[in-house]
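Down below is the structure, laid out as structure tokens.
The values are calculated or read from the model by the stated rules, or taken from the named source; none is laboratory data. Quick caveat, the model's predicted, so the values are computed rather than measured. Note that each Cβ is placed from the backbone with ideal geometry, even for glycine, and that neighbours are counted across all protein chains shown. Ligands, DNA and RNA are excluded from the accessible area calculation, which covers all protein heavy atoms including side chains. Shrake-Rupley method; radii C 1.70, N 1.55, O 1.52, S 1.80 Å.
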Amino acid sequence: ALPDLKAALLADPANQALRFTCARIHEQKGERNEAVQFYRDILRADAKSVPALNNLAMLLMEDASTLNDAQRHAEQAFTVDGRNPAVRDTLALVYMKLGRYTEALQLLEAAFKAQADNGDILLHLIEAQLGADKAEDARASWADFLRLFPDKATSNAALGLRARLETVPARNKP
């Protein structure tokens, strides 16, 4: 499928939807550098493409050497579409990697309020609460997670957070 898409892109180089599809396929195949290049190409044509900004930020934050670039793209996406829960979530994840848990917490609270059916955002909120020394809030959110998303309780992310919760003292810092 990817060779056909690339051939179609050669025939229609302005087709950003094809470029985005190629980026996503490379991403799914674990071909990070290729995906990054496609997202950068999309942004050269449309610097305000929220999906490209957001996905590029997600890829770039995986590597400490590109974390500042990830922050720039996530903040650009937030400037364009700050109400988007996925954009808030991505920016919060970048902030957590930078140790900015209080800012991440605010973004994730708003993101989860807007998209309360997203268990991943709730897990990220719990992680931010732990990072901000809000252990009791994290425990309350964990109880919500188990109630709302029992099918996700055995995911690697959930099990990792549960283990962290079990090691944290039971009080919030002011």
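Go through the range 117-174 and tell me which helices (runs of 4 or more DSSP H), entirely inside it, have 1 or more residues that are open to solvent by 60 Å² or more (accessible area, probe 1.4 Å) and over 25 Å from V87 (Cα atoms). Write out each step before concluding.
Details: elements: 119-131, 135-148, 156-167.
So the answer is 135-148, 156-167.
Is it true that V80 is crowded, with 21+ Cβ neighbours inside 10 Å, under 26 Å from A35 (Cβ atoms) and among the β-branched types (V, I, T)?
Working: crowded, with 21+ Cβ neighbours inside 10 Å: no; under 26 Å from A35 (Cβ atoms): yes; among the β-branched types (V, I, T): yes.
So V80 does not fit the description; no.
Taking the range 83-107 on its own, how many of its residues are acidic (D, E) and open to solvent by less than 60 Å² (accessible area, probe 1.4 Å)?
Start the filter on the range 83-107 by keeping residues that are acidic (D, E), which leaves 89, 103.
If we keep only those that are open to solvent by less than 60 Å² (accessible area, probe 1.4 Å) too, we end up with 89.
Qualifying residue count for the region: 1.
With the checklist (1) in a helix (DSSP H, G or I); (2) of a type in the set (K, R); (3) in contact (Cβ under 8 Å) with a residue 12 or more places away in the chain in hand, flag the one item K113 doesn't pass.
Here K113 meets the rest and fails (3).
Could you please tell me which pairs satisfy a Cβ distance under 7 Å, a separation of 6+ or placement on different chains, a first residue in the range 25-52 that is outside any helix (DSSP H, G or I), and a second residue that is at pLDDT 95 or above and open to solvent by 50 Å² or more (accessible area, probe 1.4 Å)?
Pairs found: K48/V80.
Do we find that L43 is among the hydrophobic types (A, V, I, L, M, F, W, C), under 23 Å from L98 (Cβ atoms) and more than 18 Å from the chain's Cα centre (by Cα) in this structure?
Numbers: among the hydrophobic types (A, V, I, L, M, F, W, C): yes; under 23 Å from L98 (Cβ atoms): yes; more than 18 Å from the chain's Cα centre (by Cα): yes.
For L43, the condition - among the hydrophobic types (A, V, I, L, M, F, W, C), under 23 Å from L98 (Cβ atoms) and more than 18 Å from the chain's Cα centre (by Cα) - is met.
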